[in-house]
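This report refers to the structure that appears directly beneath it.
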Amino acid sequence: MSDAIAMVGLYVRDQDEALDFYVGKLDFKVHTDARNGDYRWLTVQHPEQPSFELGLFKPQPPTVDEATAQVLNEVVAKGAMPPLVLVVDNCQASYDAMRERGVEFTQEPIARYGRVDASVRDPSGNGWKMIETP
């Protein structure tokens, strides 16, 4: 038996918009896209890490009430959630390739702390730190 984290979920404002960003611009692959009434279970995977899923979830009933869903959407949109980290071999090359696909960065690649990093936010406001491996 192995112990591992298999999935982490993000709150997103619009699942179709998030799907376009993660699959269309970051090259993630769809793992699961299932519906149960108004509820949609949507997960994607990074092509180099197929054992890990990123859940793209809309805050909504039955998981939270409407008032809480509104607050969660506002908090995410402000970029208040902790950033996720994407590790890349070459930050500048990845930055250039993602910009060509329409990704808008909040910070260009910069060398600091012994590494090169850049920052981006998804359409819902979730922050990503892209860090070059040493």
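Every number in this text was worked out from the coordinates using simple rules, so none of it is lab data. None of these values were measured; they are calculated from a predicted model. Cβ atoms come from the backbone with ideal geometry, glycine included; neighbour counts cover every protein chain shown.
Can you give the relative contact order of the range 1-90 as a percent, counting alpha carbon pairs under 8 Å and 6+ residues apart?
Values: 113 pairs, mean separation 25.2, N = 90.
Averaging sequence separation for qualifying contacts and normalising by length gives 28 percent for the range 1-90.
In the chain, what % of DSSP beta bridges are antiparallel (nearest 5)?
Taking every DSSP beta bridge within the chain, about 65 percent pair in antiparallel fashion.
Mind checking which of Cys91, Val103, Leu26 is farthest towards the positive end of the range 20-134's charge dipole, using Cβ charges of +1 (Lys, Arg) and -1 (Asp, Glu) about the Cα centre?
Towards the positive end, the residue furthest out is Cys91.
Against the longest principal axis of the chain, how steep is helix 66-77, in degrees 0 to 90 to the nearest 10, with axes from Cα atoms?
10
Given axes a ≥ b ≥ c from the Cα gyration tensor, I'd like to know whether the chain is rounded (a/c under 1.5), prolate (a/b larger than b/c) or oblate.
Here the chain falls in the prolate category.
Where nothing but the Cβ of Lys and Arg (+1) and of Asp and Glu (-1) is charged, how large is the charge dipole of the range 21-109 around its Cα centre, in debye to the nearest 20? Don't skip to the end; give the middle numbers.
Numbers: 8 positive and 13 negative charges, 33 e Å.
Roughly 160 debye, rounded to the nearest 20.
Using the Karplus curve 6.51 cos²θ - 1.76 cosθ + 1.60 with θ = phi - 60°, work out ³J(HN,Hα) for each residue of the range 106-113 in order, rounded to whole Hz, and write x for Gly and Pro.
Residue by residue, the range 106-113 yields 9, 8, 6, x, 9, 8, 6, 6 Hz.
Would you calculate, for the chain, the mean residue ellipticity at 222 nm contributed by helices, counting each DSSP H stretch of 4 or more residues as -39,500 (n - 2.57) and dividing by all residues, to the nearest 500?
For the chain, the value works out to -5500 deg cm²/dmol.
To the nearest 10 degrees, how steeply does helix 91-100 sit against the main Cα axis of the chain, on a 0 to 90 scale?
60
Can you bin the range 1-54 into rounded, prolate or oblate? Criterion: square roots of the alpha carbon gyration tensor eigenvalues sorted a ≥ b ≥ c, rounded for a/c under 1.5, prolate for a/b above b/c, oblate for the rest.
It is oblate, given that a/c is not under 1.5 and a/b is not larger than b/c.
For Ala97 and Asp20, what does the FRET efficiency come to when R0 = 22 Å and r is the distance between their Cβ atoms, rounded to the nearest 0.05?
0.80
Rounded, prolate or oblate for the range 80-130? Axes are the square roots of the Cα gyration tensor eigenvalues, ordered a ≥ b ≥ c, and the cut-off for rounded is a/c under 1.5. Can you show the working numbers first?
Values: a/c = 2.03, a/b = 1.17, b/c = 1.74.
Taking the square roots of the gyration eigenvalues as a ≥ b ≥ c, the range 80-130 is oblate.
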